[in-house]
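These notes are about the structure you will find just below.
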Ligand SMILES: NC(=O)c1ccc[n+]([C@@H]2O[C@H](COP(=O)([O-])OP(=O)(O)OC[C@H]3O[C@@H](n4cnc5c(N)ncnc54)[C@H](OP(=O)(O)O)[C@@H]3O)[C@@H](O)[C@H]2O)c1
């Protein structure tokens with residue numbers, strides 16, 4: 001596994017939400033430096049203090065965006081405006097988009113149509129000077145946050161255009177216990193990966209579960 005120091009600090013835009021907090025704590029416990037970002041630095045600092053995890057701090061989103069690896073963990077409604085505003089800061093960064101464009105109505109969750117094809121492709125369009133990949137869509141934040149869970153027992157699909165960038169995404173995923181990271185295609189394939197989360201949420205609601213995915217047939221070294 002890539003050593004934590006080789007991955008460098010990780011910033012998380014929208015890091016105060018369930019996914020950002022859960023991943024931030026797990027990454028920090030694995031030895032990474034993590035900056036949870038927020039629109040409100042004070043809110044981020046308060047949440048980071050509550051999480052009380054060495055290596056994890058709370059900052060505003062522009063500060064988190066200065067990290068060499070930056071996860072995007074905001075609702076789709078805020079995705080485009082946030083990234084457009086941070087495009088200069090995010091230049092040359094590895095940006096990992098985790099956003100699932102989903103809607104919810106009385107019939108349950110469903111995938112939203114995204115003009116760019118996917119949230120990840122939208123990010124790539126808005127951030128032409130960044131290296132954009134996509135990952136972590138299918139993790140259940142409550143499961144990741146549950147300290148009693150010692151193995152998350154699931155896979156993370158990593159999509160992107162550049163092999164080295166995808167490898168960093170895989171290495172980051174594998175800092176989570178019981179997780180394997182797999183290359184799953186180029187960004188043009190991100191739409192269905194993001195949309196699959198609607199199915200997982202429907203499964204979770206019906207069976208009161210925290211479902212994830214496992215890819216079979218990959219026992220050989222990748
Ligand atoms: N929750 C999960 O299990 C999970 C799993 C995989 C992927 N995801 C994806 O990850 C993303 C984050 O999920 P989440 O459940 O953590 O979301 P969330 O709680 O709804 O949002 C995360 C944070 O985003 C910030 N935010 C909210 N609205 C915003 C806006 N309009 N513009 C900019 N920032 C805004 C808020 O932070 P501040 O108020 O502090 O700025 C909030 O704490 C979503 O796109 C989701 O589809 C979630």
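Computed quantities for the displayed model
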quantity	calculated
Single residue of region 29-77 satisfying the filter (over 14 Å from residue 16 (Cα atoms) and near the ligand (Cβ under 10 Å from one of its atoms)) that is nearest to the chain's Cα centre (by Cα)	76
Pair list, Cβ under 9 Å, 6 or more apart: region 76-87 residue within 9 Å of residue 13 (Cβ to Cβ), other residue in a helix (DSSP H, G or I) and more than 9 Å from the ligand (Cβ to nearest atom)	83/122; 83/123; 83/126; 86/62
Residue pairs meeting the criteria (Cβ under 9 Å; at least 6 apart or on separate chains; first farther than 25 Å from residue 173 by Cα, in region 27-43; second near the ligand (Cβ under 9 Å from one of its atoms) and in a helix (DSSP H, G or I))	39/61; 39/78; 39/82; 41/61
Condition broken by residue 190, with the remaining ones in (1) touching a helix residue (DSSP H, G or I) at 6+ places or on another chain (Cβ under 8 Å); (2) surrounded by fewer than 16 Cβ atoms within 10 Å (Cβ to Cβ); (3) within 29 Å of residue 116 (Cβ to Cβ) satisfied	(2)
Qualifying residue in region 197-206 (condition: touching a strand residue (DSSP E or B) at 6+ places or on another chain (Cβ under 6 Å), touching a residue at least 12 places away in the same chain (Cβ under 8 Å) and farther than 20 Å from residue 20 by Cα)	yes
Some residue of region 146-164 being surrounded by fewer than 20 Cβ atoms within 10 Å (Cβ to Cβ), touching a residue at least 40 places away in the same chain (Cβ under 8 Å) and not in a loop (DSSP other than H, G, I, E, B)	no
Some residue of region 133-153 being away from the ligand (no atom under 14 Å from the Cβ) and closer than 17 Å to residue 99 by Cβ	yes
Residue tally, condition more than 10 Å from the ligand (Cβ to nearest atom) and at pLDDT 95 or above, over region 8-26	6
Strands (runs of 3 or more DSSP E) lying entirely in region 27-139 (those with 1 or more residues that are over 30 Å from residue 3 (Cβ atoms) and modelled with pLDDT of 95 or more)	102-105, 108-111
Hits in region 172-193 - residues which are in a helix (DSSP H, G or I) and closer than 22 Å to residue 216 by Cβ	173, 189, 190, 192, 193
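The values are calculated or read from the model by the stated rules, or taken from the named source; none is laboratory data. The structure displayed is predicted, hence computed values, not measured ones. Neighbour counts are summed over all protein chains in view; Cβ atoms, including those assigned to glycine, are modelled from backbone coordinates with ideal geometry.
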